[in-house]
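K.L.:
Just dropping this structure here.
The values are calculated or read from the model by the stated rules, or taken from the named source; none is laboratory data. Keep in mind it's a predicted model, so treat the numbers as computed, not measured. Here the Cβ is made from the backbone with ideal geometry for all residues, glycine too, and neighbour counts use every protein chain on show. With ligands, DNA and RNA removed, areas are computed over all heavy atoms of the protein, side chains included. Shrake-Rupley method; radii C 1.70, N 1.55, O 1.52, S 1.80 Å.
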There are 2 protein chains.
Amino acid sequence: MTADRIDAGDQPGGPPPPTRGSVMRDVARLAGVSHQTVSRVLNDHPNVRPETRDRVLAAMRALNYRRNSAARTLVTRRSRTLGLIAYETTLFGPASTLYGLEQAARSAGYFVSVASVRALDRKSVLDAVDRLCEQSVEGIVAIAPQSSVGTALAQAPAGLAVVGVGGGGEHVPTVCIDNSTGAAMATRHLLGLGHTTVQHIAGPPDWPEARDRIDGWREALHAAGAPVPAPRPGDWSARAGYEHGRQFAADPTVTAIFCGNDQIALGALRALHEAGRRVPDEVSVVGFDDVPESGYFLPPLTTVRQDFAELGRRSLDLLIEQLESGVRTNRRVSLTPRFVARTSSGPAPG
Amino acid sequence: MTADRIDAGDQPGGPPPPTRGSVMRDVARLAGVSHQTVSRVLNDHPNVRPETRDRVLAAMRALNYRRNSAARTLVTRRSRTLGLIAYETTLFGPASTLYGLEQAARSAGYFVSVASVRALDRKSVLDAVDRLCEQSVEGIVAIAPQSSVGTALAQAPAGLAVVGVGGGGEHVPTVCIDNSTGAAMATRHLLGLGHTTVQHIAGPPDWPEARDRIDGWREALHAAGAPVPAPRPGDWSARAGYEHGRQFAADPTVTAIFCGNDQIALGALRALHEAGRRVPDEVSVVGFDDVPESGYFLPPLTTVRQDFAELGRRSLDLLIEQLESGVRTNRRVSLTPRFVARTSSGPAPG
DNA sequence: GCCTTGTGTGTGAACGGTAACCATGACAGG
DNA sequence: CCTGTCATGGTTACCGTTCACACACAAGGC
């Protein structure tokens, strides 16, 4: 009895044999060498005569041979697979980072396996780590920059490389952009335009990225001797921007708003527009991220650009560094964001 | 006999230290049973005395045992891994689909490995397929709905389950939303508001999704006896929407524009605004997709909602169906989109 | 002649699981 | 008492690679 259930009925004429993929031994036999020589050719070992190598390569082509990664992983104990834990994968940022990571991983010879999490509580994250471990990934990148994630990650099995993207935690190697500097850029830009102070619609307070942006904004205000209003907490959504934007629109003293991200800024722009407050003539708005659409907002959004793809690439670098050194360096890589001036910000009125 | 070999000191540049975790034999020894019994416990075989099972489970916990998936894959010839080929991963749609797929795959006991492609030419796609095959995935989902992708996918190794998301091709099982119906909904909505005809800024002509939307739009116009203008081809970007939008803005006879997606609509809105054409009073605009921000556009965008996450879930269903039946069914699953009325569309002027 | 050094290649043993096949003991029926 | 069945659990043979080592053969130094 065949263990194969793919043993589909052969139609007369259709000659699709139950192609049990060819393995090294088959290639070896065809090339007239031992399986070990095939292995040597595959792994670019020296000490194979060019002529032999060609024969082996020809045999591999003829049989359409592909090496079995499970067997390879079993014996080498290297899966060449990286795990990615992602939250809110639908946002532009995480998605771009995933993209950058995957491209980099590919050229470094790694595969990427994803585990998305619905929530950022400790259990969900540990579950995701577990799931990835079961696949014997060699390292994990977490695009889930809530504080709790960092600590959850820190207790991943030793010997597993780990990198946090975004604010991260203190216990895990992290790659992030310099949110504080970015926020300060935006704030200084607005102050430089003559605004007496700058309001801030922030991200959720338990996101390090949000906190760093708040810090940068606050420090820039402080350094300029400007009053420091209370930041308004949001959830990164356009809705939050809209709600707070309506309140700001009703307050004639508000002339400049720095938003925690571009979605928030979009919501704020709409609120201001609805209230009849002209942007940038009466109120200036600045965002953060530079999503592809922000140049087409009404008006085009002044913002701070994050290079998400670079974030992904750098996190791979950090991972590989750990993999090769064998220790969990506590490094923190920080990328400098770029200020992008568009027309949603202008001189203070009056 | 030395099961242990002495680990030579790590040479810099050498492979990382082998992670010596506990294996079945260790668990078996601790529990006082054979490794086979451990395997039986792991795989929920009957014929294990509850008392024995408990002893084994306790031993597994004590040793923090995790089974080695490579070994398992090697012998069972099932990797329990699915491959995902994604293009333009940064867009909301693909990202959400990935999310939905991963969630569904997880609860079905599968892992998901991603391969992103930079371009959609045949070679890139075949490369990605190759990469995934090397990981011995059991099936592939391609979120890369260009026509050429379908045909490239069709010649994936036999015995590999394949599903296309989006327009797909004729040769590959496909799950998509009913783009034609969605476009017709949008068009009929505008015609119903009294517009004599509807312009269309479309997606790239080699995307089946774009073509289906064109078809639906055209048929709806035709059925209503309205004139059918030439659709304007774009690339799904806000920029394309802006460029065509400017031309439409200069033409006073244009009162209704149906856009291939929400980004295009955003660009069109900006062009109309710049030209002083009021939306929806003078010109109505409708998008497609319902990205989370579209409710905060100026004005909030009337659009057609795609359930991307459902797309991901359904593609998993289709994949599993193939995996279990062993044949590449040529099924095509079509989801009905939902029309979402907001304020960017209104009665025809005059 | 010997031993060395260096190429190119083959041999056998892991790696950590699962499946097929046995072995044992208990209990029933003849 | 002999046999058959069932529950339980051990034995052994793989799966397809890579690694350590052995081996053949050549070139060179003494």
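K.L.:
Considering only segment A:272-315, state which residues are farther than 20 Å from A:Ala184 by Cβ, within 12 Å of chain B (Cβ to nearest Cβ) and of a type in the set (Gly, Ala, Ser).
P.N.:
A:Gly295, A:Ala309, A:Gly312
K.L.:
A further question on this structure: Those residues that are out of contact with any Leu (no Cβ under 8 Å at 6 or more places or on another chain) and touching a residue at least 60 places away in the same chain (Cβ under 8 Å), I need them from segment B:330-350; list them, please.
P.N.:
Keep residues of segment B:330-350 that are out of contact with any Leu (no Cβ under 8 Å at 6 or more places or on another chain), which gives B:330, B:332, B:334, B:336-341, B:343, B:349-350.
Selection gives B:Asn330, B:Arg332, B:Ser334, B:Thr336, B:Pro337, B:Phe339, B:Ala341, B:Thr343, B:Pro349.
K.L.:
A further question on this structure: Could you check how many residues of segment A:245-271 are more than 25 Å from B:Gly267 (Cβ to Cβ) and within 13 Å of chain B (Cβ to nearest Cβ)?
P.N.:
1
K.L.:
On to the next question. If A:Glu102 satisfies all but one of (1) within 12 Å of DNA strand C (Cβ to nearest atom); (2) open to solvent by less than 10 Å² (accessible area, probe 1.4 Å), what's the number of the condition it fails?
P.N.:
Exception for A:Glu102: condition (1).
K.L.:
Within segment B:125-142, identify whether any single residue is more than 9 Å from chain A (Cβ to nearest Cβ) and open to solvent by 40 Å² or more (accessible area, probe 1.4 Å), and answer yes or no. Walk me through it before giving the result.
P.N.:
First pass over segment B:125-142, keeping only residues more than 9 Å from chain A (Cβ to nearest Cβ): B:125-129, B:137-142.
Then drop every residue that is not open to solvent by 40 Å² or more (accessible area, probe 1.4 Å), which leaves B:126-127.
Checked against the condition, which is being more than 9 Å from chain A (Cβ to nearest Cβ) and open to solvent by 40 Å² or more (accessible area, probe 1.4 Å), segment B:125-142 yields at least one hit.
Residue by residue, here is whether (1) open to solvent by less than 70 Å² (accessible area, probe 1.4 Å); (2) in contact with a Gly (Cβ under 6 Å, 6 or more places away or on another chain) holds:
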| site | (1), (2) |
| --- | --- |
| A:His200 | yes, no |
| A:Arg211 | no, no |
| A:Gly216 | yes, no |
| A:Glu219 | no, no |
| A:Tyr242 | yes, yes |
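K.L.:
Another question, if that's okay. For the subset of segment B:18-63 comprising residues that are polar (S, T, N, Q) and more than 8 Å from DNA strand C (Cβ to nearest atom), which member is farthest from A:Arg131 (Cα to Cα)?
P.N.:
Here is the first cut: in segment B:18-63, the ones polar (S, T, N, Q) are B:19, B:22, B:34, B:36-37, B:39, B:43, B:47, B:52.
Retained after the next criterion (residues that are more than 8 Å from DNA strand C (Cβ to nearest atom)): B:19, B:34, B:37, B:47, B:52.
Values: B:Thr19: 17, B:Ser34: 27, B:Thr37: 24, B:Asn47: 28, B:Thr52: 27 Å.
Top of the filtered list is B:Asn47.
K.L.:
Taking B:Thr73, is it of a type in the set (Ser, Thr, Tyr), in contact with a helix residue (DSSP H, G or I) (Cβ under 7 Å, 6 or more places away or on another chain) and outside any loop (DSSP other than H, G, I, E, B)? Write out each step before concluding.
P.N.:
Details: of a type in the set (Ser, Thr, Tyr): yes; in contact with a helix residue (DSSP H, G or I) (Cβ under 7 Å, 6 or more places away or on another chain): yes; outside any loop (DSSP other than H, G, I, E, B): yes.
Answer is yes for this residue.
K.L.:
From the residues in segment A:64-73 that are open to solvent by 70 Å² or more (accessible area, probe 1.4 Å) and within 7 Å of chain B (Cβ to nearest Cβ), which one is farthest from DNA strand C (Cβ to nearest atom)?
P.N.:
To start, the set of residues in segment A:64-73 that are open to solvent by 70 Å² or more (accessible area, probe 1.4 Å) comprises A:64, A:66, A:68, A:72.
Still in the running and within 7 Å of chain B (Cβ to nearest Cβ): A:66, A:68.
Values: A:Arg66: 18, A:Asn68: 11 Å.
Taking the candidates together, the pick is A:Arg66.
K.L.:
Could you tell me which of the residues A:Gly93, A:Gly109 is among the small types (Gly, Ala, Ser), closer than 30 Å to B:Ser294 by Cα and either away from DNA strand D (no atom under 16 Å from the Cβ) or in a loop (DSSP other than H, G, I, E, B) (or both)? Spell out how you get there, then give the answer.
P.N.:
Working: A:Gly109 fails: closer than 30 Å to B:Ser294 by Cα.
Criteria check complete, one pass: A:Gly93.
K.L.:
With the structure loaded, tell me whether A:Ile143 is β-branched (Val, Ile, Thr), assigned by TED's automatic domain parsing to the domain that holds A:Arg328 and in contact with a Gly (Cβ under 9 Å, 6 or more places away or on another chain) or whether it fails that test. If you could, list the steps in order and put the result at the bottom.
P.N.:
On the way: β-branched (Val, Ile, Thr): yes; assigned by TED's automatic domain parsing to the domain that holds A:Arg328: yes; in contact with a Gly (Cβ under 9 Å, 6 or more places away or on another chain): yes.
Criteria met by A:Ile143.
K.L.:
Taking into account only those residues within segment B:76-89 that are in a strand (DSSP E or B) and closer than 23 Å to B:Ser107 by Cα, which is farthest from DNA strand C (Cβ to nearest atom)? Lay out the reasoning, then the answer.
P.N.:
First pass over segment B:76-89, keeping only residues in a strand (DSSP E or B): B:81-87.
With the extra rule that they be closer than 23 Å to B:Ser107 by Cα, the set shrinks to B:81-86.
Numbers: B:Thr81: 15, B:Leu82: 19, B:Gly83: 22, B:Leu84: 25, B:Ile85: 29, B:Ala86: 31 Å.
If we take residues in segment B:76-89 being in a strand (DSSP E or B) and closer than 23 Å to B:Ser107 by Cα, then B:Ala86 is farthest from DNA strand C (Cβ to nearest atom).
Residues checked against (1) touching a Lys or Arg at 6+ places or on another chain (Cβ under 8 Å); (2) farther than 22 Å from B:Leu335 by Cβ:
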site: B:Gly182; (1), (2): yes, no
site: B:Arg211; (1), (2): no, no
site: B:Asp215; (1), (2): no, no
site: B:Ala230; (1), (2): no, yes
site: B:Ser237; (1), (2): no, yes
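K.L.:
While we're here: Yes or no: segment B:83-91 includes at least one residue that is of a type in the set (A, V, I, L, M, F, W, C), open to solvent by 30 Å² or more (accessible area, probe 1.4 Å) and at pLDDT below 90.
P.N.:
Going through segment B:83-91, the residues of a type in the set (A, V, I, L, M, F, W, C) turn out to be B:84-86, B:91.
Cutting the leftovers down to open to solvent by 30 Å² or more (accessible area, probe 1.4 Å) gives us B:91.
Restricting the remaining residues to those that are at pLDDT below 90 gives B:91.
Yes, there is a match, as at least one residue in segment B:83-91 is of a type in the set (A, V, I, L, M, F, W, C), open to solvent by 30 Å² or more (accessible area, probe 1.4 Å) and at pLDDT below 90.
K.L.:
Given A:Pro157, A:Pro145, which one is of a type outside the set (A, V, I, L, M), more than 19 Å from B:Ser116 (Cβ to Cβ) and under 16 Å from the mean Cα position of the chain (by Cα)? Please lay out each step first, then the result.
P.N.:
Working: A:Pro157 fails: under 16 Å from the mean Cα position of the chain (by Cα).
Result: A:Pro145 is the single residue among A:Pro157, A:Pro145 that is of a type outside the set (A, V, I, L, M), more than 19 Å from B:Ser116 (Cβ to Cβ) and under 16 Å from the mean Cα position of the chain (by Cα).
K.L.:
Just checking, how many residues over segment A:302-325 are free of Cβ contacts under 8 Å to residues at least 12 places away in the same chain and small (Gly, Ala, Ser)? Show your work before the answer.
P.N.:
In the first step, residues of segment A:302-325 are kept if they are free of Cβ contacts under 8 Å to residues at least 12 places away in the same chain; the result is A:321, A:324-325.
Filter once more, so that each one left must be small (Gly, Ala, Ser): A:325.
Residues meeting the conditions: 1.
K.L.:
Testing B:Phe111 on (1) touching a Phe, Trp or Tyr at 6+ places or on another chain (Cβ under 6 Å); (2) facing another protein chain (nearest Cβ under 8 Å); (3) more than 30 Å from B:Asp262 (Cα to Cα), one condition comes back false. Which one is that?
P.N.:
(1)
K.L.:
Just one of B:Val286, B:Val340 is at pLDDT 95 or above, in contact with a Phe, Trp or Tyr (Cβ under 9 Å, 6 or more places away or on another chain) and more than 16 Å from A:Glu293 (Cα to Cα); which is it?
P.N.:
Going through B:Val286, B:Val340 in turn, just one is at pLDDT 95 or above, in contact with a Phe, Trp or Tyr (Cβ under 9 Å, 6 or more places away or on another chain) and more than 16 Å from A:Glu293 (Cα to Cα): B:Val286.
K.L.:
Also, I was wondering about something else. Of A:Arg55, A:Arg61, A:Arg118, A:Arg77, which residue is closer than 23 Å to A:Phe308 by Cβ and either surrounded by fewer than 22 Cβ atoms within 10 Å (Cβ to Cβ) or more than 13 Å from chain B (Cβ to nearest Cβ) (or both)?
P.N.:
Details: A:Arg55 fails: closer than 23 Å to A:Phe308 by Cβ; A:Arg61 fails: closer than 23 Å to A:Phe308 by Cβ; A:Arg77 fails: closer than 23 Å to A:Phe308 by Cβ.
Exactly one residue qualifies, and that residue is A:Arg118.
One line per residue, one yes/no per condition, for (1) farther than 12 Å from B:His200 by Cβ; (2) not β-branched (Val, Ile, Thr):
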| site | (1), (2) |
| --- | --- |
| B:Gly234 | no, yes |
| B:Gly241 | no, yes |
| B:Phe248 | no, yes |
| B:Pro252 | yes, yes |
| B:Ala256 | no, yes |
| B:Leu272 | yes, yes |
| B:Arg278 | yes, yes |
| B:Val285 | no, no |
| B:Pro292 | yes, yes |
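K.L.:
When segment B:105-115 is examined, which residues are found to be buried (at least 17 other Cβ atoms within 10 Å of the Cβ) and among the small types (Gly, Ala, Ser)?
P.N.:
Just the residues of segment B:105-115 that are buried (at least 17 other Cβ atoms within 10 Å of the Cβ), to begin with: B:105-106, B:110-115.
Scanning segment B:105-115 gives B:Ala105, B:Ser113, B:Ala115.
K.L.:
Suppose we filter A:Ser113, A:Ser148 for residues that are at pLDDT 95 or above and in the same structural domain as A:Leu318 (by TED's automatic domain parsing); which single one remains? Show your work before the answer.
P.N.:
Working: A:Ser148 fails: at pLDDT 95 or above.
So the residue among A:Ser113, A:Ser148 that is at pLDDT 95 or above and in the same structural domain as A:Leu318 (by TED's automatic domain parsing) is A:Ser113.
K.L.:
Test A:Asp44 against the criterion of being in a helix (DSSP H, G or I), open to solvent by 80 Å² or more (accessible area, probe 1.4 Å) and either more than 30 Å from B:Gly21 (Cα to Cα) or more than 9 Å from DNA strand D (Cβ to nearest atom) (or both), and give yes or no. Outline the logic, then answer.
P.N.:
Working: in a helix (DSSP H, G or I): no; open to solvent by 80 Å² or more (accessible area, probe 1.4 Å): yes; either more than 30 Å from B:Gly21 (Cα to Cα) or more than 9 Å from DNA strand D (Cβ to nearest atom) (or both): yes.
Criteria not met by A:Asp44.
K.L.:
Report yes if some residue within segment A:280-300 is surrounded by 20 or more Cβ atoms within 10 Å (Cβ to Cβ), touching a Leu at 6+ places or on another chain (Cβ under 6 Å), outside the structural domain of A:Pro204 (by TED's automatic domain parsing) and not hydroxyl-bearing (Ser, Thr, Tyr); otherwise report no.
P.N.:
no
K.L.:
Out of the residues in segment A:47-63 that are closer than 22 Å to A:Gly109 by Cβ and either assigned by TED's automatic domain parsing to the domain that holds A:Gly109 or within 13 Å of DNA strand D (Cβ to nearest atom) (or both), state the one that is modelled with the lowest pLDDT. Talk me through it step by step, then tell me what you get.
P.N.:
Applying the first criterion (closer than 22 Å to A:Gly109 by Cβ) to segment A:47-63 yields A:48, A:53, A:56-57, A:60-61.
Within this subset, residues satisfying the condition of being either assigned by TED's automatic domain parsing to the domain that holds A:Gly109 or within 13 Å of DNA strand D (Cβ to nearest atom) (or both) are A:48, A:56, A:60.
Values: A:Val48: 89, A:Val56: 94, A:Met60: 94.
That would be A:Val48.
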